[in-house]
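Only one structure is covered here, and it is reproduced in the block below.
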4 protein chains.
Amino acid sequence: MAPRKLKIACAGLGRMGKRHALHFLNRTPRAELVAASTPDDEEIQWAKQHLEPYGVRLYKDYDEMLKQEGLQAVVIASVTTVHAEQAIKAIEANLHVLCEKPLSTSVEISQSVVDAAQKKPNLKVMCGFSRRFDDSYRDAFNKMDSGLIGRPSIFRSQTCDMLDPSGFFVAYAEFSGGIFVDCSIHDIDLALWFFGQDSRVKSVVSSGITAVQPELRKHKDMDNAVGIVEFYGGQLAYLFCSRMMAAGQDDATEIIGTSGKLTVNAQPQINLVNIYEPTGIRREIPPNYYGRFEQAFVNEANEFTAACLDDLKLPMKLTGAVQAVKIGCALQESLNSGKKIYFDEVGRRTEKASL
Amino acid sequence: MAPRKLKIACAGLGRMGKRHALHFLNRTPRAELVAASTPDDEEIQWAKQHLEPYGVRLYKDYDEMLKQEGLQAVVIASVTTVHAEQAIKAIEANLHVLCEKPLSTSVEISQSVVDAAQKKPNLKVMCGFSRRFDDSYRDAFNKMDSGLIGRPSIFRSQTCDMLDPSGFFVAYAEFSGGIFVDCSIHDIDLALWFFGQDSRVKSVVSSGITAVQPELRKHKDMDNAVGIVEFYGGQLAYLFCSRMMAAGQDDATEIIGTSGKLTVNAQPQINLVNIYEPTGIRREIPPNYYGRFEQAFVNEANEFTAACLDDLKLPMKLTGAVQAVKIGCALQESLNSGKKIYFDEVGRRTEKASL
Amino acid sequence: MAPRKLKIACAGLGRMGKRHALHFLNRTPRAELVAASTPDDEEIQWAKQHLEPYGVRLYKDYDEMLKQEGLQAVVIASVTTVHAEQAIKAIEANLHVLCEKPLSTSVEISQSVVDAAQKKPNLKVMCGFSRRFDDSYRDAFNKMDSGLIGRPSIFRSQTCDMLDPSGFFVAYAEFSGGIFVDCSIHDIDLALWFFGQDSRVKSVVSSGITAVQPELRKHKDMDNAVGIVEFYGGQLAYLFCSRMMAAGQDDATEIIGTSGKLTVNAQPQINLVNIYEPTGIRREIPPNYYGRFEQAFVNEANEFTAACLDDLKLPMKLTGAVQAVKIGCALQESLNSGKKIYFDEVGRRTEKASL
Amino acid sequence: MAPRKLKIACAGLGRMGKRHALHFLNRTPRAELVAASTPDDEEIQWAKQHLEPYGVRLYKDYDEMLKQEGLQAVVIASVTTVHAEQAIKAIEANLHVLCEKPLSTSVEISQSVVDAAQKKPNLKVMCGFSRRFDDSYRDAFNKMDSGLIGRPSIFRSQTCDMLDPSGFFVAYAEFSGGIFVDCSIHDIDLALWFFGQDSRVKSVVSSGITAVQPELRKHKDMDNAVGIVEFYGGQLAYLFCSRMMAAGQDDATEIIGTSGKLTVNAQPQINLVNIYEPTGIRREIPPNYYGRFEQAFVNEANEFTAACLDDLKLPMKLTGAVQAVKIGCALQESLNSGKKIYFDEVGRRTEKASL
């Protein structure tokens, strides 16, 4: 008898939705993509060509899709503004959920997904922080976890996108939650991973500039920003995010412990080729995050599938996704107020520095 | 209607056979692994667990497997000594063939596969030189092909395996054809790719040592060897092969043109992690060729499948595989005779240097 | 007639003083080291062996040395606490001055050196920020200056020393001015160089931890710290300093412009050797700042000498050294208060953020 | 009393002669450049400006210079064709000699210098193989010597110059001895250093092409060549030399031992800067050998000086320089004959391979 496969649907077929759909269709042996939904006509046309011939049923309405018989799980890759709502509906329909990050740009709404999930402890509900599934980050984590660098103390991480001169990000900034919530959320999640999921934030402060897209200011956003996150327990993270890179995606992380340091992607490269030419020696780097993290997304699909089928523990808690949004929102607020923000030991805002 | 898939069988389930079987089972969306054969009981046991539950029919006899109804293609990953025989049988059974390298350690036997294939021009018959499917090599080739480095003139390539102190390679050397036929065959194939498939060899010469495994001498083999291959037309390849690496797989290539140079993997690494510790900064490298070329093997499976289904041109000619064996055998001969070997412009051995 | 040489004396023969003395003695062809002073008996003994035989006159008293006939210049490498006093005395004695950084850990005292120097415009008075003389930093600056990366906008820099478990830095912290004044002063100076000497600071904020040396707290210092410096004009610098590195000196800088980025020493190494061994591939890095910047110190000696002899413009203004101390002190203050510090456009402290 | 200095003269003030003269004048504290000679009027003019003012006496005639009172040593940087003659004259005048490589392009003439030197065992006579004084090569040698990589077995080295489209090398080839004697002589010397000065060559074979300068053929030279050198004792060196590099000087070496590997300059770079721009990440490399080895030449001057003054052992034997020329000449011969050349265990040419 053939082993059973996870019947999964994909909500949203935009840039990332298409990728998730294809990963579950073609690169997740234990999953079967059975449905996909999108309100967008162009995306439906794409799906008729790339998904329907392989037995994937298409829906314009998300709610209708949830009713499909036998459906066991949903991957949510729609616009951020509906992530939480769709996730909660899926949970209520007793479906496992893999939701693209962030759950929401609001801490409260993010928390509502956690609340819904906690009522259905049998379901696997995961926010897709793809870097957790990247081989290099995992290798670094395992090395740190084995004690190789002593006690992790300083965490530096950056998410730096290639400049998109089309103005896309200016429009996008209206709903993205801002550069710290949209980009640095990954770095924040990594900090929580490396420092421990239960790390408690003590303060955040940030500064930013609009070097190339001053119009971002109307959405209270910047194109380059730096933030410092202090944790109770004597750990420090500092973050840089940018949408101005000339060469391509430049995401790097370093974890400094009391007896060593680990870096991930401190010397970016797209492959193993070097080009020697009259101007010197050159290597290329990935043009975007998918060029850097494609395999991590595929790993994510496969591990989420295995967790659902075999009732395994997910690699991260859903509560961490709320914590990440909370820190991201505070950094974004500091970016605009110019002020440092303090938290007490139980996570409430406070006015005074605790030294 | 669901798109049709290529029904393929896997011959041989040793180290590489298992990998091919799993690639076609799980990572080749347009293929369906329908059968596998091996005379080995342990391998059958493995297959009962990992293949049979997914609908793969198992055979102890290769010939029986070829009769399975609906079969369209075979991937041959059995011991080198039966590659050619199995390939020819498959061709005669009107099956597409993906055969692991080399076709044979004998030039004549290799040629017999080409002869068989030429009688069935509708079949796709390919010798699996995996590096042709590696993203970095392809990027380098495309850059060279676009003229980026001028006219390719010098080719340096090495295949360097990690030392296996178990003595495996001494036993293996009895049938491997020797280090130039077993290891450098990849580098030779790359040279023929980068210099052009119709490059004509003018001379070969080689030297070697047995630094760690003197017992190799009884099979006329060495553990480290260097060779020079001259081509008519003013191109030069030089090769290094070794089975003595301490750190892991160290396969590197450089192509030098009249106005630039390309390197592939001149700075090996297993991932993007660097470790800072009291002894300095360290990176790890893959322990073996599969750690380096896994994705290339998967690409190979997918592209072979597409070529069969859509009647596309294969990325390389089968005749090149014979040419590679011919050069590899000559290098191995020179290694033992200490003499340079010359060829005339139509490929026949000659006694005199042609300057 | 032999070309004239600059007659120079060295004040202080501690770790760095010995080096300066030897640089001027042996590696500065246009200078002649004619005197050296130190109150320390062990240092005098060293000088009797290494300097006196070459015609260098030794003094236990700095003031006496200043009276030596024919003396034209002094390099001051004594303890930080006497830098300013000795510099002012030398200026008043009409001597050119090369003073080790910082002028003082106090902004006011630093300014007093500038005031003294401004009364003697014919004298060359320079604070020795050695990185300004490093070939790599200069190459990066020139590339930026030529427009290669557009408008410089983000500056990241770190000074990271190897862990010294002897406890030296705890005692040292009493007088060093703290990690931002002692270590990051170099990074601050670089920021002022790359962003323009007249950049005006808008705010500073910092955070730190004592991961390995909690005793530093008694001197209001930390062993790892991160700071953000905002400038009027839309430029941002962020800094990391540490005394906890396992591998050695790890000083790196990146300058991000609107159309490109430059990094200096993002992949540290002591030389061009890589070691392949069973644990991977390793390279070593310099154990300390002198291992990284030795040649920069030699360049500094030679260029200071040329500036004195040929009345050339110094590569940087003395006022910048005061500005660097001012920023360093503010970062150190923020480290202890936990508060962000604001400046108005003319450099006065203010309570309000200016957005 | 001031310590005594070595009084040295420089013969030849061409490209490399000027550098040697300035190194001894300015960067060798224990030496005093007292004289220089050249028959070339332009070079005399240069010397009047750059040397004479510092007390260096100038000669148009080498023999006259040798008579200068008090002279203790000569650095010979004239054209290769007079190296040996000038060296012998200096030896006969009881002067220490630092002679640029090679002693001669003829083995016999090279040997005549050794013969002359052996009659004056009190003199220091050294052939300047600059790489022996390079920090990276020395670090690699010391690591190997300490046993870090086991028994050294395979040696790969290349000397690759940037393409000089002026045609200089075509004219130069008439007297250079050919690319193996001119360029690879350094790599051969390194092989003898790493494998042991008393290594005995067993065979050489080489191949070459003229990819960009076919006119070299008239001087029996090539612009790219590869050679294999076998040694008695089971060691193998393989060499590549080129005058066709696009990016700059690309000299790299690797030493493979039975338990590890060392590379020197496998990733060339001119400094620690990386440039991120729309085409990727770029680093520059030195334009020529002096850009790569400047500090090694300075070290050479200082250590030769110390050896003369303190009667220290030179870092290498003069006989090695003859051995290097012998191997270089044999490689050059093989390049033109297309034949492998064999040597017996006492170094005589033989017709038969010894296996």
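Assess whether residue A:233 counts as being under 19 Å from residue A:327 (Cβ atoms), facing another protein chain (nearest Cβ under 10 Å) and surrounded by fewer than 24 Cβ atoms within 10 Å (Cβ to Cβ). Break it down stepwise before answering.
Working: under 19 Å from residue A:327 (Cβ atoms): yes; facing another protein chain (nearest Cβ under 10 Å): yes; surrounded by fewer than 24 Cβ atoms within 10 Å (Cβ to Cβ): yes.
In short, yes.
Against the test of being open to solvent by less than 60 Å² (accessible area, probe 1.4 Å), within 21 Å of residue B:155 (Cα to Cα) and within 14 Å of chain C (Cβ to nearest Cβ), the options D:156, D:131, D:138 yield a single qualifying residue, D:156. Do you know which residues across region A:239-253 are within 18 Å of the chain's Cα centre (by Cα) and away from chain B (no Cβ under 14 Å)? Scanning region A:239-253 gives A:239, A:240, A:241, A:242, A:243.
Across region C:177-197, the qualifying residues are those that are out of contact with any strand residue (DSSP E or B) (no Cβ under 8 Å at 6 or more places or on another chain) and open to solvent by 10 Å² or more (accessible area, probe 1.4 Å), and the one among them that is nearest to residue C:15 (Cα to Cα) is C:182. Taking the numbered list (1) within 14 Å of chain A (Cβ to nearest Cβ); (2) outside any helix (DSSP H, G or I); (3) surrounded by 20 or more Cβ atoms within 10 Å (Cβ to Cβ) in turn, residue C:339 passes all entries but (3). Do we find that residue A:276 is out of contact with any strand residue (DSSP E or B) (no Cβ under 7 Å at 6 or more places or on another chain) and of a type in the set (Phe, Trp, Tyr) in this structure? It is false that residue A:276 is out of contact with any strand residue (DSSP E or B) (no Cβ under 7 Å at 6 or more places or on another chain) and of a type in the set (Phe, Trp, Tyr).
Screening residue A:185 on (1) more than 19 Å from residue C:226 (Cα to Cα); (2) in contact with a Leu (Cβ under 8 Å, 6 or more places away or on another chain); (3) among the β-branched types (Val, Ile, Thr) shows it passes everything except condition (2).
Here's the yes/no breakdown for (1) out of contact with any Pro (no Cβ under 7 Å at 6 or more places or on another chain); (2) closer than 18 Å to residue C:19 by Cα; (3) touching a residue at least 12 places away in the same chain (Cβ under 8 Å):
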position: C:34; (1), (2), (3): yes, yes, yes
position: C:37; (1), (2), (3): yes, yes, yes
position: C:40; (1), (2), (3): yes, yes, yes
position: C:45; (1), (2), (3): yes, yes, no
position: C:48; (1), (2), (3): yes, yes, no
position: C:51; (1), (2), (3): yes, yes, yes
position: C:55; (1), (2), (3): yes, yes, yes
position: C:59; (1), (2), (3): yes, yes, yes
position: C:68; (1), (2), (3): yes, no, yes
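Quick check, is residue B:347 farther than 26 Å from residue B:19 by Cα, open to solvent by less than 20 Å² (accessible area, probe 1.4 Å) and at pLDDT below 95? For residue B:347, the condition - farther than 26 Å from residue B:19 by Cα, open to solvent by less than 20 Å² (accessible area, probe 1.4 Å) and at pLDDT below 95 - is not met.
Please tell me if residue A:200 is out of contact with any helix residue (DSSP H, G or I) (no Cβ under 6 Å at 6 or more places or on another chain), within 12 Å of chain C (Cβ to nearest Cβ) and open to solvent by 10 Å² or more (accessible area, probe 1.4 Å).
Details: out of contact with any helix residue (DSSP H, G or I) (no Cβ under 6 Å at 6 or more places or on another chain): yes; within 12 Å of chain C (Cβ to nearest Cβ): no; open to solvent by 10 Å² or more (accessible area, probe 1.4 Å): yes.
Answer is no for this residue.
The number of residues in region A:40-77 being within 19 Å of residue A:123 (Cβ to Cβ) and touching a strand residue (DSSP E or B) at 6+ places or on another chain (Cβ under 6 Å) comes to 11.
Annotation: residue C:292 fulfils all but one of (1) within 14 Å of chain D (Cβ to nearest Cβ); (2) within 30 Å of residue D:260 (Cα to Cα); (3) over 21 Å from the mean Cα position of the chain (by Cα); the unmet one is (3). Taken over region B:254-277, the criterion of being facing another protein chain (nearest Cβ under 7 Å), out of contact with any Leu (no Cβ under 9 Å at 6 or more places or on another chain) and either hydrophobic (A, V, I, L, M, F, W, C) or open to solvent by 20 Å² or more (accessible area, probe 1.4 Å) (or both) is satisfied by B:271, B:272.
Regarding residue A:284, is this residue farther than 17 Å from residue A:129 by Cα, modelled with pLDDT of 95 or more, buried (at least 19 other Cβ atoms within 10 Å of the Cβ) and among the acidic types (Asp, Glu)? Yes.
The values are calculated or read from the model by the stated rules, or taken from the named source; none is laboratory data. Because the structure is predicted, anything quoted here is derived from the model rather than measured. Glycine also receives a Cβ, built like all others from the backbone with ideal geometry; neighbour counts cover every protein chain displayed. Remember, those area values only see protein heavy atoms, side chains included, never the ligands or the DNA or RNA. Shrake-Rupley method; radii C 1.70, N 1.55, O 1.52, S 1.80 Å.
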